[in-house]
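The values are calculated or read from the model by the stated rules, or taken from the named source; none is laboratory data. Not measured: the values here are computed from a predicted model. For neighbour counting, all protein chains shown are included, and Cβ atoms are generated from backbone atoms with ideal geometry for every residue, glycine included. The area values use the complete protein model at the heavy-atom level, side chains included, leaving out ligands, DNA and RNA. Shrake-Rupley method; radii C 1.70, N 1.55, O 1.52, S 1.80 Å.
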Amino acid sequence: TAGLGRMFNCGGAGPLGPWSSACSYGAGMDTVKVDLRSPGREQKDKDQRAHGGDQDKESEEEEKVRRQVEQELEEEVRRREEEVDRAAREKEQARRREEQARRERQAAEAEVMRRKAEEDAENEADRLAWEEEQEWLRKISRPPPWHRRVLRALLVNEPEAETPPRRFLFACELGDPISCVQLGPGGACMAGSVQGRIWLLTGRGGGAVGSVVTAAAVGDGKPKALPPPRPDLLAGFSEEGARCLHIDEDSAYATFGETCRGWRRARPHAQTGNTCFRSLDRKNTQSVKHVLQRGPWICVLFPTTTTVVNVTRREQHHHRAFKLFDYGSSADIVPCDFDGENLLLIDRTGLSGCPRFHHVHLESTEQKELEDLPDAAWISILKLWGTDCVVCVVGSTMHVYDYQRRQLQHSLRGHAAEIIAVDARDPETIAALSADGVVKLWNGNTGACTRAVRVPGANYFLSYPYCLCMQDQRILISSDEGVYLIELEPISDVV
(Lines give C-alpha, C1' and ligand atoms only; values in the text may rest on other atoms or scores of the structure.)
Protein backbone atom coordinates (compact mmCIF):
# COMPACT_ATOMS: atom_id res chain seq x y z
CA THR A 1 0.00 0.00 0.00
CA ALA A 2 2.80 2.35 0.82
CA GLY A 3 4.32 1.59 -2.54
CA LEU A 4 1.09 2.20 -4.35
CA GLY A 5 0.65 5.40 -2.41
CA ARG A 6 3.99 6.64 -3.48
CA MET A 7 3.33 5.46 -7.09
CA PHE A 8 -0.04 7.13 -7.39
CA ASN A 9 0.78 9.94 -4.94
CA CYS A 10 -2.49 9.49 -3.16
CA GLY A 11 -3.39 11.66 -0.27
CA GLY A 12 -5.17 10.44 2.77
CA ALA A 13 -8.40 12.28 1.85
CA GLY A 14 -8.98 10.58 -1.48
CA PRO A 15 -10.60 7.28 -2.22
CA LEU A 16 -7.30 5.68 -1.35
CA GLY A 17 -6.57 7.85 1.58
CA PRO A 18 -8.43 9.96 4.12
CA TRP A 19 -6.98 13.37 2.99
CA SER A 20 -7.02 13.32 -0.77
CA SER A 21 -9.78 12.94 -3.35
CA ALA A 22 -7.43 12.54 -6.33
CA CYS A 23 -4.36 10.52 -7.09
CA SER A 24 -1.41 11.32 -9.30
CA TYR A 25 0.71 8.67 -10.93
CA GLY A 26 4.22 9.75 -11.62
CA ALA A 27 6.27 7.81 -14.17
CA GLY A 28 9.41 9.62 -14.94
CA MET A 29 8.54 13.23 -15.91
CA ASP A 30 4.92 12.50 -16.82
CA THR A 31 2.07 13.02 -14.36
CA VAL A 32 -1.39 11.56 -14.70
CA LYS A 33 -4.20 13.03 -12.66
CA VAL A 34 -7.18 10.87 -12.07
CA ASP A 35 -10.39 12.42 -10.67
CA LEU A 36 -11.94 9.76 -8.56
CA ARG A 37 -14.98 11.87 -7.49
CA SER A 38 -18.42 10.84 -8.62
CA PRO A 39 -20.35 12.85 -11.29
CA GLY A 40 -23.08 13.73 -8.77
CA ARG A 41 -20.64 15.45 -6.50
CA GLU A 42 -19.36 17.58 -9.39
CA GLN A 43 -22.88 18.74 -10.18
CA LYS A 44 -23.43 19.40 -6.55
CA ASP A 45 -20.31 21.56 -6.46
CA LYS A 46 -21.57 23.55 -9.47
CA ASP A 47 -24.92 24.03 -7.84
CA GLN A 48 -23.22 25.19 -4.68
CA ARG A 49 -21.12 27.69 -6.63
CA ALA A 50 -24.16 28.97 -8.51
CA HIS A 51 -26.11 29.23 -5.28
CA GLY A 52 -23.15 31.04 -3.69
CA GLY A 53 -23.13 33.55 -6.57
CA ASP A 54 -26.85 34.13 -6.12
CA GLN A 55 -26.27 34.67 -2.44
CA ASP A 56 -23.51 37.17 -3.24
CA LYS A 57 -25.85 39.08 -5.58
CA GLU A 58 -28.55 39.05 -2.98
CA SER A 59 -26.07 40.30 -0.40
CA GLU A 60 -24.93 43.08 -2.73
CA GLU A 61 -28.52 44.09 -3.38
CA GLU A 62 -29.29 43.98 0.30
CA GLU A 63 -26.18 46.09 0.96
CA LYS A 64 -27.23 48.56 -1.73
CA VAL A 65 -30.73 48.79 -0.28
CA ARG A 66 -29.29 49.19 3.18
CA ARG A 67 -27.00 51.99 2.04
CA GLN A 68 -29.87 53.69 0.20
CA VAL A 69 -32.01 53.49 3.30
CA GLU A 70 -29.15 54.85 5.38
CA GLN A 71 -28.70 57.72 2.91
CA GLU A 72 -32.41 58.47 3.00
CA LEU A 73 -32.33 58.42 6.78
CA GLU A 74 -29.30 60.70 6.81
CA GLU A 75 -30.99 63.08 4.35
CA GLU A 76 -34.15 63.05 6.45
CA VAL A 77 -32.14 63.80 9.58
CA ARG A 78 -30.23 66.55 7.75
CA ARG A 79 -33.48 68.02 6.40
CA ARG A 80 -35.03 68.00 9.85
CA GLU A 81 -31.93 69.61 11.32
CA GLU A 82 -32.03 72.27 8.59
CA GLU A 83 -35.70 72.88 9.30
CA VAL A 84 -34.95 73.21 12.96
CA ASP A 85 -32.05 75.59 12.22
CA ARG A 86 -34.20 77.58 9.79
CA ALA A 87 -37.00 77.81 12.32
CA ALA A 88 -34.50 78.92 14.94
CA ARG A 89 -33.04 81.55 12.57
CA GLU A 90 -36.49 82.79 11.64
CA LYS A 91 -37.40 82.99 15.27
CA GLU A 92 -34.18 84.88 16.00
CA GLN A 93 -34.80 87.24 13.07
CA ALA A 94 -38.36 87.81 14.22
CA ARG A 95 -37.05 88.56 17.69
CA ARG A 96 -34.50 90.96 16.27
CA ARG A 97 -37.15 92.63 14.13
CA GLU A 98 -39.38 93.03 17.13
CA GLU A 99 -36.45 94.40 19.10
CA GLN A 100 -35.59 96.79 16.24
CA ALA A 101 -39.22 97.87 15.95
CA ARG A 102 -39.35 98.42 19.70
CA ARG A 103 -36.18 100.50 19.58
CA GLU A 104 -37.53 102.47 16.64
CA ARG A 105 -40.76 103.11 18.50
CA GLN A 106 -38.79 104.23 21.52
CA ALA A 107 -36.60 106.44 19.34
CA ALA A 108 -39.67 107.88 17.59
CA GLU A 109 -41.34 108.54 20.92
CA ALA A 110 -38.15 110.14 22.23
CA GLU A 111 -37.90 112.25 19.06
CA VAL A 112 -41.53 113.33 19.42
CA MET A 113 -40.92 114.22 23.03
CA ARG A 114 -37.73 116.11 22.10
CA ARG A 115 -39.51 118.04 19.36
CA LYS A 116 -42.39 118.73 21.70
CA ALA A 117 -39.98 120.03 24.31
CA GLU A 118 -38.18 122.16 21.71
CA GLU A 119 -41.49 123.47 20.40
CA ASP A 120 -42.65 124.28 23.91
CA ALA A 121 -39.35 126.02 24.61
CA GLU A 122 -39.61 128.00 21.37
CA ASN A 123 -43.22 128.91 22.10
CA GLU A 124 -42.24 130.06 25.58
CA ALA A 125 -39.37 132.11 24.17
CA ASP A 126 -41.72 133.55 21.54
CA ARG A 127 -44.24 134.42 24.25
CA LEU A 128 -41.63 136.18 26.38
CA ALA A 129 -40.30 138.06 23.35
CA TRP A 130 -43.84 138.99 22.32
CA GLU A 131 -44.70 140.29 25.80
CA GLU A 132 -41.47 142.29 25.92
CA GLU A 133 -42.20 143.70 22.47
CA GLN A 134 -45.75 144.67 23.41
CA GLU A 135 -44.52 146.31 26.59
CA TRP A 136 -41.99 148.28 24.56
CA LEU A 137 -44.64 149.37 22.08
CA ARG A 138 -46.98 150.43 24.88
CA LYS A 139 -44.28 152.62 26.38
CA ILE A 140 -43.41 154.37 23.14
CA SER A 141 -46.93 154.56 21.70
CA ARG A 142 -47.79 157.95 23.03
CA PRO A 143 -49.85 159.97 20.59
CA PRO A 144 -48.97 163.64 20.17
CA PRO A 145 -51.00 166.13 22.22
CA TRP A 146 -54.43 167.01 20.91
CA HIS A 147 -53.57 170.65 20.29
CA ARG A 148 -50.60 169.63 18.14
CA ARG A 149 -52.80 167.34 16.07
CA VAL A 150 -55.39 170.09 15.61
CA LEU A 151 -52.75 172.65 14.70
CA ARG A 152 -51.19 170.27 12.20
CA ALA A 153 -54.56 169.52 10.62
CA LEU A 154 -55.20 173.28 10.23
CA LEU A 155 -51.79 174.16 8.85
CA VAL A 156 -51.04 171.14 6.67
CA ASN A 157 -54.67 170.76 5.59
CA GLU A 158 -54.59 166.99 5.55
CA PRO A 159 -55.96 164.30 7.85
CA GLU A 160 -53.91 162.81 10.64
CA ALA A 161 -51.74 159.88 9.60
CA GLU A 162 -53.11 156.47 10.50
CA THR A 163 -51.44 154.17 13.01
CA PRO A 164 -51.78 150.58 11.77
CA PRO A 165 -50.64 147.48 13.68
CA ARG A 166 -46.89 147.17 13.89
CA ARG A 167 -44.15 145.03 15.38
CA PHE A 168 -40.74 145.93 16.70
CA LEU A 169 -38.65 143.13 15.21
CA PHE A 170 -34.91 143.72 15.45
CA ALA A 171 -33.18 145.85 18.07
CA CYS A 172 -29.85 147.34 17.07
CA GLU A 173 -27.07 148.44 19.41
CA LEU A 174 -25.48 151.82 19.69
CA GLY A 175 -22.71 152.05 17.14
CA ASP A 176 -24.13 149.21 15.05
CA PRO A 177 -27.07 150.71 13.10
CA ILE A 178 -29.22 148.88 10.57
CA SER A 179 -27.67 149.02 7.10
CA CYS A 180 -30.31 147.15 5.02
CA VAL A 181 -33.80 145.64 5.34
CA GLN A 182 -35.77 143.29 3.09
CA LEU A 183 -39.24 141.75 2.83
CA GLY A 184 -39.80 138.36 1.27
CA PRO A 185 -42.57 135.96 0.27
CA GLY A 186 -44.67 134.40 2.98
CA GLY A 187 -44.22 137.39 5.28
CA ALA A 188 -40.49 136.85 5.84
CA CYS A 189 -38.45 139.81 7.10
CA MET A 190 -34.71 140.31 7.13
CA ALA A 191 -32.30 142.97 8.35
CA GLY A 192 -28.54 143.51 8.43
CA SER A 193 -26.31 145.83 10.43
CA VAL A 194 -23.18 147.84 9.75
CA GLN A 195 -21.07 145.37 11.73
CA GLY A 196 -22.34 142.30 9.90
CA ARG A 197 -25.18 141.00 12.08
CA ILE A 198 -28.08 139.36 10.19
CA TRP A 199 -31.60 138.80 11.55
CA LEU A 200 -34.35 136.72 9.96
CA LEU A 201 -38.01 136.43 10.88
CA THR A 202 -40.09 133.64 9.32
CA GLY A 203 -43.12 131.64 10.34
CA ARG A 204 -42.89 128.30 12.10
CA GLY A 205 -41.28 125.82 9.74
CA GLY A 206 -40.38 128.64 7.35
CA GLY A 207 -44.03 129.58 6.73
CA ALA A 208 -45.81 132.89 6.85
CA VAL A 209 -45.40 135.50 9.58
CA GLY A 210 -48.42 137.09 11.23
CA SER A 211 -48.53 140.26 13.27
CA VAL A 212 -51.34 138.85 15.43
CA VAL A 213 -51.53 135.80 17.64
CA THR A 214 -52.14 132.64 15.65
CA ALA A 215 -53.98 129.51 16.77
CA ALA A 216 -52.86 125.90 16.61
CA ALA A 217 -54.42 122.64 17.81
CA VAL A 218 -52.92 120.92 20.82
CA GLY A 219 -53.13 117.32 21.93
CA ASP A 220 -56.65 117.54 23.35
CA GLY A 221 -57.94 119.04 20.11
CA LYS A 222 -58.57 122.49 21.59
CA PRO A 223 -56.97 125.48 19.90
CA LYS A 224 -54.10 127.08 21.75
CA ALA A 225 -53.10 130.69 21.30
CA LEU A 226 -49.53 131.05 20.12
CA PRO A 227 -47.62 134.32 19.80
CA PRO A 228 -45.89 135.21 16.53
CA PRO A 229 -42.41 133.69 16.19
CA ARG A 230 -39.44 135.66 17.35
CA PRO A 231 -36.62 136.68 14.98
CA ASP A 232 -33.46 134.59 14.77
CA LEU A 233 -29.89 135.84 14.58
CA LEU A 234 -28.20 134.22 11.56
CA ALA A 235 -24.78 135.89 11.76
CA GLY A 236 -22.92 137.72 14.51
CA PHE A 237 -20.47 140.57 14.39
CA SER A 238 -17.94 140.51 11.55
CA GLU A 239 -15.39 142.78 9.90
CA GLU A 240 -17.61 143.41 6.88
CA GLY A 241 -21.03 145.00 7.16
CA ALA A 242 -24.19 143.77 5.48
CA ARG A 243 -24.87 145.61 2.21
CA CYS A 244 -27.74 143.80 0.47
CA LEU A 245 -30.38 141.19 1.32
CA HIS A 246 -32.66 138.86 -0.62
CA ILE A 247 -35.33 136.32 0.40
CA ASP A 248 -36.98 133.65 -1.75
CA GLU A 249 -39.32 130.78 -0.96
CA ASP A 250 -36.64 128.52 0.58
CA SER A 251 -33.59 130.58 1.46
CA ALA A 252 -32.34 133.94 2.67
CA TYR A 253 -29.20 135.65 1.34
CA ALA A 254 -26.96 138.38 2.73
CA THR A 255 -24.27 140.18 0.72
CA PHE A 256 -21.20 141.50 2.49
CA GLY A 257 -18.13 143.18 1.02
CA GLU A 258 -16.85 140.45 -1.30
CA THR A 259 -19.01 137.48 -0.36
CA CYS A 260 -22.63 136.35 -0.33
CA ARG A 261 -23.91 133.88 2.25
CA GLY A 262 -27.16 131.91 2.24
CA TRP A 263 -29.29 130.22 4.89
CA ARG A 264 -32.39 128.04 4.89
CA ARG A 265 -35.54 129.87 5.94
CA ALA A 266 -36.75 126.96 8.06
CA ARG A 267 -35.22 126.53 11.48
CA PRO A 268 -32.48 125.76 12.43
CA HIS A 269 -31.45 127.89 9.40
CA ALA A 270 -28.67 125.72 8.01
CA GLN A 271 -26.17 127.59 5.87
CA THR A 272 -26.54 126.81 2.16
CA GLY A 273 -23.32 128.20 0.75
CA ASN A 274 -20.82 131.00 0.48
CA THR A 275 -19.98 132.80 -2.79
CA CYS A 276 -16.84 134.87 -3.22
CA PHE A 277 -17.21 137.45 -5.99
CA ARG A 278 -13.48 137.61 -6.68
CA SER A 279 -13.35 133.87 -7.41
CA LEU A 280 -15.92 134.14 -10.22
CA ASP A 281 -13.12 135.22 -12.54
CA ARG A 282 -9.78 133.48 -11.96
CA LYS A 283 -7.92 136.23 -13.77
CA ASN A 284 -9.37 138.93 -11.53
CA THR A 285 -7.02 140.14 -8.82
CA GLN A 286 -8.86 143.36 -7.99
CA SER A 287 -10.84 144.19 -4.91
CA VAL A 288 -14.56 144.86 -4.91
CA LYS A 289 -15.35 148.58 -4.83
CA HIS A 290 -19.16 148.65 -4.75
CA VAL A 291 -22.01 146.17 -4.46
CA LEU A 292 -25.64 146.94 -5.37
CA GLN A 293 -28.62 144.62 -5.51
CA ARG A 294 -32.10 144.50 -7.03
CA GLY A 295 -33.98 141.31 -6.29
CA PRO A 296 -31.74 138.26 -6.80
CA TRP A 297 -29.31 140.17 -9.06
CA ILE A 298 -26.18 141.72 -7.59
CA CYS A 299 -24.01 144.21 -9.45
CA VAL A 300 -20.37 143.81 -8.36
CA LEU A 301 -18.18 146.74 -9.45
CA PHE A 302 -14.44 146.29 -9.71
CA PRO A 303 -12.20 149.14 -10.91
CA THR A 304 -11.93 147.77 -14.47
CA THR A 305 -14.60 145.05 -14.64
CA THR A 306 -18.27 144.60 -13.76
CA THR A 307 -20.06 141.35 -12.94
CA VAL A 308 -23.77 140.72 -12.46
CA VAL A 309 -24.47 137.68 -10.25
CA ASN A 310 -27.69 135.81 -9.47
CA VAL A 311 -27.46 134.91 -5.77
CA THR A 312 -30.02 132.10 -6.07
CA ARG A 313 -28.00 130.46 -8.87
CA ARG A 314 -24.37 131.11 -8.09
CA GLU A 315 -23.17 129.58 -11.33
CA GLN A 316 -25.22 132.16 -13.28
CA HIS A 317 -23.13 135.31 -13.60
CA HIS A 318 -22.42 137.66 -16.49
CA HIS A 319 -19.54 140.00 -17.20
CA ARG A 320 -20.58 143.46 -18.38
CA ALA A 321 -18.68 145.91 -20.54
CA PHE A 322 -19.01 148.78 -18.07
CA LYS A 323 -15.78 149.94 -16.40
CA LEU A 324 -15.90 152.21 -13.39
CA PHE A 325 -12.34 153.36 -14.05
CA ASP A 326 -13.40 155.02 -17.33
CA TYR A 327 -15.42 157.62 -15.38
CA GLY A 328 -12.78 158.49 -12.83
CA SER A 329 -11.44 157.31 -9.49
CA SER A 330 -13.58 155.28 -7.16
CA ALA A 331 -13.46 158.10 -4.62
CA ASP A 332 -15.18 160.53 -7.00
CA ILE A 333 -17.53 158.14 -8.86
CA VAL A 334 -20.10 156.45 -6.63
CA PRO A 335 -23.07 154.30 -7.73
CA CYS A 336 -26.35 155.05 -6.01
CA ASP A 337 -28.91 152.65 -7.57
CA PHE A 338 -29.19 149.55 -9.75
CA ASP A 339 -32.28 147.99 -11.36
CA GLY A 340 -30.79 144.85 -12.92
CA GLU A 341 -29.64 146.42 -16.21
CA ASN A 342 -28.99 150.11 -15.55
CA LEU A 343 -26.83 151.97 -13.08
CA LEU A 344 -27.04 155.46 -11.58
CA LEU A 345 -23.74 157.21 -10.88
CA ILE A 346 -22.86 160.29 -8.87
CA ASP A 347 -19.90 162.14 -10.39
CA ARG A 348 -18.05 164.57 -8.13
CA THR A 349 -15.12 165.25 -10.45
CA GLY A 350 -16.52 168.60 -11.62
CA LEU A 351 -14.72 171.77 -10.58
CA SER A 352 -17.95 173.63 -9.85
CA GLY A 353 -18.67 171.51 -6.78
CA CYS A 354 -22.09 170.53 -8.09
CA PRO A 355 -22.31 166.77 -8.62
CA ARG A 356 -23.30 165.31 -11.96
CA PHE A 357 -25.50 162.27 -12.41
CA HIS A 358 -25.12 159.60 -15.09
CA HIS A 359 -27.50 156.88 -16.24
CA VAL A 360 -25.48 153.95 -17.66
CA HIS A 361 -26.62 150.76 -19.39
CA LEU A 362 -24.21 148.08 -18.16
CA GLU A 363 -24.16 145.91 -21.29
CA SER A 364 -23.97 148.56 -24.04
CA THR A 365 -22.20 151.14 -21.79
CA GLU A 366 -24.57 153.72 -23.26
CA GLN A 367 -24.72 156.61 -20.82
CA LYS A 368 -26.92 159.67 -20.41
CA GLU A 369 -26.12 162.60 -18.24
CA LEU A 370 -29.10 163.63 -16.13
CA GLU A 371 -29.25 167.33 -16.71
CA ASP A 372 -31.73 169.90 -15.41
CA LEU A 373 -32.47 167.94 -12.26
CA PRO A 374 -34.26 170.23 -9.78
CA ASP A 375 -31.91 171.47 -7.05
CA ALA A 376 -29.20 169.05 -8.17
CA ALA A 377 -26.69 170.44 -5.70
CA TRP A 378 -28.95 169.55 -2.77
CA ILE A 379 -30.09 166.08 -3.79
CA SER A 380 -29.71 163.62 -0.91
CA ILE A 381 -31.35 160.50 -2.40
CA LEU A 382 -31.56 159.39 -6.04
CA LYS A 383 -33.45 156.26 -7.17
CA LEU A 384 -34.45 154.68 -10.47
CA TRP A 385 -38.20 154.43 -10.97
CA GLY A 386 -40.00 152.78 -13.84
CA THR A 387 -38.31 152.64 -17.24
CA ASP A 388 -37.68 156.33 -17.93
CA CYS A 389 -37.76 158.17 -14.60
CA VAL A 390 -35.71 158.84 -11.51
CA VAL A 391 -36.84 159.96 -8.06
CA CYS A 392 -34.69 162.57 -6.36
CA VAL A 393 -35.13 163.91 -2.82
CA VAL A 394 -34.39 167.47 -1.79
CA GLY A 395 -35.21 168.09 1.85
CA SER A 396 -38.87 167.22 2.43
CA THR A 397 -39.77 167.28 -1.29
CA MET A 398 -39.54 164.38 -3.72
CA HIS A 399 -39.29 164.99 -7.47
CA VAL A 400 -40.15 162.55 -10.26
CA TYR A 401 -37.98 163.36 -13.27
CA ASP A 402 -38.24 161.84 -16.77
CA TYR A 403 -34.67 161.65 -18.05
CA GLN A 404 -35.73 160.47 -21.52
CA ARG A 405 -37.85 163.57 -22.14
CA ARG A 406 -35.75 165.69 -19.81
CA GLN A 407 -38.70 167.13 -17.98
CA LEU A 408 -40.07 167.14 -14.44
CA GLN A 409 -43.17 164.97 -14.00
CA HIS A 410 -44.23 165.66 -10.40
CA SER A 411 -43.01 167.38 -7.26
CA LEU A 412 -44.35 165.43 -4.29
CA ARG A 413 -44.74 167.75 -1.32
CA GLY A 414 -46.42 167.00 1.97
CA HIS A 415 -43.81 165.65 4.35
CA ALA A 416 -43.41 167.76 7.46
CA ALA A 417 -39.80 166.67 7.98
CA GLU A 418 -36.81 165.72 5.86
CA ILE A 419 -37.17 162.58 3.75
CA ILE A 420 -34.54 160.08 4.88
CA ALA A 421 -35.43 156.88 2.95
CA VAL A 422 -37.20 156.02 -0.32
CA ASP A 423 -38.35 152.75 -1.89
CA ALA A 424 -39.09 153.14 -5.62
CA ARG A 425 -39.03 149.52 -6.75
CA ASP A 426 -42.78 149.31 -7.28
CA PRO A 427 -43.75 150.43 -10.81
CA GLU A 428 -46.68 152.51 -9.52
CA THR A 429 -46.15 153.41 -5.85
CA ILE A 430 -43.26 155.31 -4.29
CA ALA A 431 -42.78 155.00 -0.52
CA ALA A 432 -41.00 157.73 1.43
CA LEU A 433 -39.99 157.88 5.10
CA SER A 434 -39.50 161.23 6.81
CA ALA A 435 -37.60 162.02 10.00
CA ASP A 436 -40.81 162.49 12.00
CA GLY A 437 -41.61 158.77 11.67
CA VAL A 438 -44.25 159.14 8.96
CA VAL A 439 -44.33 156.91 5.87
CA LYS A 440 -46.23 158.20 2.86
CA LEU A 441 -47.18 156.23 -0.21
CA TRP A 442 -47.29 158.23 -3.44
CA ASN A 443 -48.75 157.38 -6.81
CA GLY A 444 -45.86 158.18 -9.13
CA ASN A 445 -48.11 158.52 -12.18
CA THR A 446 -50.55 161.04 -10.68
CA GLY A 447 -48.46 162.56 -7.90
CA ALA A 448 -51.18 161.93 -5.30
CA CYS A 449 -50.54 160.69 -1.75
CA THR A 450 -52.53 157.49 -1.26
CA ARG A 451 -51.61 156.57 2.34
CA ALA A 452 -49.95 158.25 5.32
CA VAL A 453 -48.75 156.03 8.15
CA ARG A 454 -47.27 157.15 11.45
CA VAL A 455 -44.91 154.89 13.38
CA PRO A 456 -45.03 155.83 17.08
CA GLY A 457 -41.75 155.43 18.89
CA ALA A 458 -39.54 155.49 15.79
CA ASN A 459 -36.78 158.05 16.39
CA TYR A 460 -34.36 159.52 13.88
CA PHE A 461 -31.90 161.65 15.82
CA LEU A 462 -28.59 159.93 15.03
CA SER A 463 -28.60 160.75 11.29
CA TYR A 464 -27.89 157.20 10.15
CA PRO A 465 -28.54 156.11 6.53
CA TYR A 466 -32.00 154.72 7.23
CA CYS A 467 -33.76 152.00 5.23
CA LEU A 468 -37.27 151.47 3.88
CA CYS A 469 -38.79 148.46 2.11
CA MET A 470 -42.39 148.10 0.92
CA GLN A 471 -44.12 144.96 -0.38
CA ASP A 472 -47.87 144.53 -0.83
CA GLN A 473 -49.49 145.65 2.44
CA ARG A 474 -46.33 145.53 4.53
CA ILE A 475 -43.70 148.17 5.23
CA LEU A 476 -40.33 147.55 6.90
CA ILE A 477 -38.41 150.56 8.21
CA SER A 478 -35.27 151.10 10.26
CA SER A 479 -34.85 153.62 13.05
CA ASP A 480 -32.40 154.50 15.80
CA GLU A 481 -33.85 151.69 17.95
CA GLY A 482 -34.08 148.97 15.32
CA VAL A 483 -36.58 147.73 12.73
CA TYR A 484 -40.36 148.10 12.68
CA LEU A 485 -42.80 146.03 10.64
CA ILE A 486 -46.05 147.76 9.68
CA GLU A 487 -49.10 145.80 8.58
CA LEU A 488 -51.43 147.95 6.45
CA GLU A 489 -55.13 147.34 6.19
CA PRO A 490 -56.84 147.37 2.79
CA ILE A 491 -57.75 150.85 1.62
CA SER A 492 -61.44 149.98 1.54
CA ASP A 493 -61.34 149.20 5.26
CA VAL A 494 -59.60 152.43 6.21
CA VAL A 495 -62.03 155.04 7.56
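With labels modelled as points extended 7 Å from the Cα through the Cβ direction, what inter-label distance (nm, one decimal) is found for residue 371 paired with residue 331?
Going from the residue 371 label point to the residue 331 one covers 3.0 nm.
Estimate the FRET efficiency between residue 69 and residue 107 by the formula 1/(1 + (r/R0)^6), using the beta-carbon distance for r and 56 Å for R0, to the nearest 0.05. Intermediate values should be presented prior to the final figure.
Details: r = 56 Å, r/R0 = 1.00.
After rounding, the FRET efficiency stands at 0.50.
Please list 3J(HN,Hα) in residue order for the stretch 407-412, calculated via the Karplus relation 6.51 cos²θ - 1.76 cosθ + 1.60 where θ = phi - 60°; whole Hz, with x for glycine and proline.
Taking θ as phi minus 60°, the curve returns 8, 7, 8, 8, 10, 8 Hz for the stretch 407-412.
Give me the Kirkwood hydrodynamic radius of the stretch 282-360 in Å, from all C-alpha pairs, to one decimal place?
Result for the stretch 282-360 stands at 13.2 Å.
Collect residues whose amide H, placed 1.01 Å from N in the peptide plane, falls under 5 Å from the amide H of residue 489; neighbours closer than 5 in sequence don't count.
Counting only residues 5 or more places away or on other chains, the set is empty.
In the stretch 300-440, what percent of the accessible surface is made up of carbon and sulfur (1.4 Å probe, ligands and nucleic acids excluded)?
In the stretch 300-440, the share of accessible area belonging to carbon and sulfur is 45 percent.
Please sort 164-171, 477-484 by packing, taking for each peptide the average over its residues of neighbouring beta carbons within 10 angstrom, highest first.
477-484, 164-171
Is the stretch 417-466 best put as rounded, prolate or oblate by its Cα gyration tensor, with a ≥ b ≥ c the root eigenvalues, rounded for a/c under 1.5, and otherwise prolate when a/b is larger than b/c, oblate when not?
Prolate.
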